[in-house]
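Single-structure report; data block below.
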Amino acid sequence: MWVAETGWVPAFFAGVDAIRLELLLFAGFWFCVGALDELLMDGVWAGLHLAGKGRTRVLDAALPAELSGPIALYVPAWHEARVIGTMLSHCLRTWPHRDLRIYVGCYPNDAATARAIAVVARADRRVRPVVVGHDGPTTKGDCLNAIWHAMVRDEIASARQYRAILLQDAEDMVHPDALTLVDEALHDADFVQLPVRPEPQSRSTWIAGHYTDEFTEAHLREMVVRDRLGAGIPAAGVGCAFSREALARTMERDDRDAPFTPDALTEDYELGMKIGRAARSRPSRAGPPQDRAGKGGRFVRVRAADGTLIATRSPFPHRLDAAVRQKARWLQGIAFDGWDTLGWASHPFELWMRMRDRRGPLVAIVLAAAYVAFVLTGALAVAQWLGWYRVRELPLVVDWMLVITTAAFAWRALVRAATVTREYGWEEGLAAVVRIPVANIIAIIAARLALVRYARSLRGEPTRWEKTEHDFHPAEHAT
C-alpha cells in the first residue's frame, strides 16, 4: 500500500505517534508498578491464608443477645424520610439487646425525616432523636458531633457511660450477630470494623455492581492483610465501632469537645486511622502506635453459623452521577485531605497502606493516559490503512510493558472474579470482569471532580455533606 512520505498529514500523524509513545511509556511504567503492588498484596494474603492466619472464622452457634456494656448506635440523617423508618425498625427487630440505644441525628429544616424518626421512637424507647442546633445540610461529622453532645448529656443525667459508639447509615441493613460480635471484639481493640457487603441491584448491574466488586475484594483480601500486619485500619463509616475511652483520648489529643472532624469529607476514615493503629501488643509489626494508651484497631471478618457473612448490607448508588459524586468525596477526603491531616508514616507497612489509600488520583491519570493511547493507536491504524502514514514500531521496552500489563490485568480479573463468585455466585463473578472498564471510567471522572473540589476548598469554600439519595431500603425486599 502506498504511504505518503511528505506533507502536513504524515507530519500530523507523526506527532500523534510520538504522543502515543509517551503515553504508553507513562501508563506502562505505572501499570507495572501497580501490578507489583497488587502481586505483593496477593502474596501476603496467600501466605497468611496458608498459615491459617487469614481464614474467615465461622461461628458454631448464634452469639448471645446480651452485651457486656451499653452501646450507642449513631445514625446521621439528612433527607432520609424514605428509608430511615425502615432502617430503624429493621435494626430494632434484628438487635433486641436491652443495652443498645440508637441516636438518630436530623435537622430542623428536614421535617419529613424528623417525623419518620419520631414514629419509630414512639414505638421503641431505645430510639433517641437528636435535632442538630442549626439547619442542614452541614457535614456528616457535624451531625455526628451533635449526636455526641446529646449522648453526653444523657450520660450525665443517667450517671451511666456508654461503652462504645457504633456507626451505621440510614440505608444499612444489619446482621443479627453483628452487634454482639462487635461487643466481643472490643475487649481486645479500641476500634472494630466489620465487612461491608453491597447489595446487588438488578436495575443497575453496572454502576451499583462495581461497588460489589471493589468492596468484596478489599474486605476479603486487603483489610485482612492490614489487620494481620498491624497497619492502620480505615473506618468505612458503617459497621464500625469505637470504644468510649479511645474517643475521649482522641478529643484530648486534638483539643476538641467532640470526636469527629466537623469539616472533613471522610471523618470516619480519619478517625479510624487515628485510633486504629496497631497497639502496644504488636510493636514489632506496626511500630510506635499513634494512640499509645490504646489497644488499636481490628478488622473482624466472621461468618455466622448459617454461613452468612457478618457484615453491613447496603445499597450503593445506581446512577452514574451519584457514583461519581460519592467516589469524588472519598478521593478528596482520603487522598488529598488525608495527606494534609494524617501525613505519612515511617514504618514500612503503614507507609505502604497509606500509599495504597492515596493512589486513587494517580491511578485515574494513568487510566486516562492508557485510554487516550488506545484511541490514538486506533486512529494511527486507520491512517496507515488509508495510506496516510506508516506507524512506527514500538520500542522493545514498550512491548514488554504491554505483555506484563496484559498478564497482570488477566490475573487481577481472575482474582476479582473468584472473590466475587465466592460471595455472590458465578453470575456476579463473571459480571465483575466486564465491569472493570465501568469502574475505571467512574474513577477517572471522580478524580477530576475531586481535584476541582479540593482546589476550591483551598480557596476557602465550605465543606458540605455530599450524600447519596436513597429511594429504597434492603429490608423492603428481604426474604
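The values are calculated or read from the model by the stated rules, or taken from the named source; none is laboratory data. Here the structure is a predicted model, which is why all the values come from computation and not from measurement. In this analysis, Cβ positions are derived from the backbone assuming ideal geometry, glycine residues included, and neighbour counts consider all displayed protein chains. We work out accessible area using only protein heavy atoms, side chains counted, and drop any ligands, DNA or RNA first. Shrake-Rupley method; radii C 1.70, N 1.55, O 1.52, S 1.80 Å.
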Scope segment 317-345; condition under 13 Å from the mean Cα position of the chain (by Cα) and closer than 17 Å to Ala235 by Cα; matching residues: Gln326, Lys327, Arg329, Trp330, Leu331, Gln332, Gly333, Ile334, Ala335
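Name the residues in segment 229-256 that are of a type in the set (Gly, Ala, Ser), assigned to a helix (DSSP H, G or I) and open to solvent by 10 Å² or more (accessible area, probe 1.4 Å), would you? Give the derivation first.
At the first step, the residues of segment 229-256 found to be of a type in the set (Gly, Ala, Ser) are 230-232, 235-237, 239, 241, 243, 246, 248.
Filter again for assigned to a helix (DSSP H, G or I), leaving 246, 248.
Ala248, the sole residue that qualifies.
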Restricting attention to segment 157-181, which residues are surrounded by 23 or more Cβ atoms within 10 Å (Cβ to Cβ), of a type in the set (Gly, Ala, Ser) and part of a helix (DSSP H, G or I)? Ala178
Among Asp154, Asp135, Asp142, the single one that is open to solvent by 20 Å² or more (accessible area, probe 1.4 Å), free of Cβ contacts under 8 Å to residues at least 60 places away in the same chain, acidic (Asp, Glu) and part of a helix (DSSP H, G or I) is Asp154
Where in segment 287-367 are there helices (runs of 4 or more DSSP H), lying wholly inside it, with at least 2 residues that are over 23 Å from Gly209 (Cβ atoms) and open to solvent by less than 60 Å² (accessible area, probe 1.4 Å)? 338-342, 348-357
Considering (1) open to solvent by 10 Å² or more (accessible area, probe 1.4 Å); (2) in contact with a strand residue (DSSP E or B) (Cβ under 9 Å, 6 or more places away or on another chain); (3) among the basic types (Lys, Arg), say which one Arg221 fails and leave the rest. (2)
Per the filter on segment 26-67, residues of a type in the set (Gly, Ala, Ser) and in a loop (DSSP other than H, G, I, E, B) are Ala51, Gly52, Gly54, Ala61, Ala62, Ala65
Hits in segment 100-132 (condition: farther than 27 Å from Asp177 by Cα, surrounded by fewer than 18 Cβ atoms within 10 Å (Cβ to Cβ) and of a type in the set (Val, Ile, Thr)): Val131
If you go through segment 250-284, how many residues are at pLDDT 90 or above and small (Gly, Ala, Ser)? 2
Among the residues of segment 182-228, the number that are outside any strand (DSSP E or B) and more than 24 Å from Arg249 (Cα to Cα) is 29
Could you grab the pairs with beta carbons closer than 9 Å, sequence gap of 6+ or different chains, first residue in segment 61-86 and modelled with pLDDT of 95 or more, second one assigned to a strand (DSSP E or B) and open to solvent by 30 Å² or more (accessible area, probe 1.4 Å)? Pro70/Arg101; Ile71/Arg101; Ala72/Arg101; Ala72/Arg128; Leu73/Arg101
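Look at His187 and say whether it is over 23 Å from Ser89 (Cβ atoms), open to solvent by 10 Å² or more (accessible area, probe 1.4 Å) and either in contact (Cβ under 8 Å) with a residue 60 or more places away in the chain or acidic (Asp, Glu) (or both).
yes
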For segment 40-69, give me the residue count where each residue is open to solvent by less than 40 Å² (accessible area, probe 1.4 Å) and touching a His at 6+ places or on another chain (Cβ under 9 Å). 1
Quick one: how many residues across segment 185-206 are more than 14 Å from Gly237 (Cβ to Cβ) and among the β-branched types (Val, Ile, Thr)? 1
Can you list the helices (runs of 4 or more DSSP H) found entirely within segment 368-479 that contain at least 2 residues being surrounded by 13 or more Cβ atoms within 10 Å (Cβ to Cβ) and in contact with an Asp or Glu (Cβ under 7 Å, 6 or more places away or on another chain)? 396-424
Evaluate segment 87-96: report whether one residue or more is within 22 Å of Arg301 (Cα to Cα) and touching a helix residue (DSSP H, G or I) at 6+ places or on another chain (Cβ under 7 Å). yes
One residue is enough: does segment 411-422 have a residue meeting the conditions in contact (Cβ under 8 Å) with a residue 60 or more places away in the chain, of a type in the set (S, T, N, Q), farther than 27 Å from Cys32 by Cβ and touching a helix residue (DSSP H, G or I) at 6+ places or on another chain (Cβ under 7 Å)? no
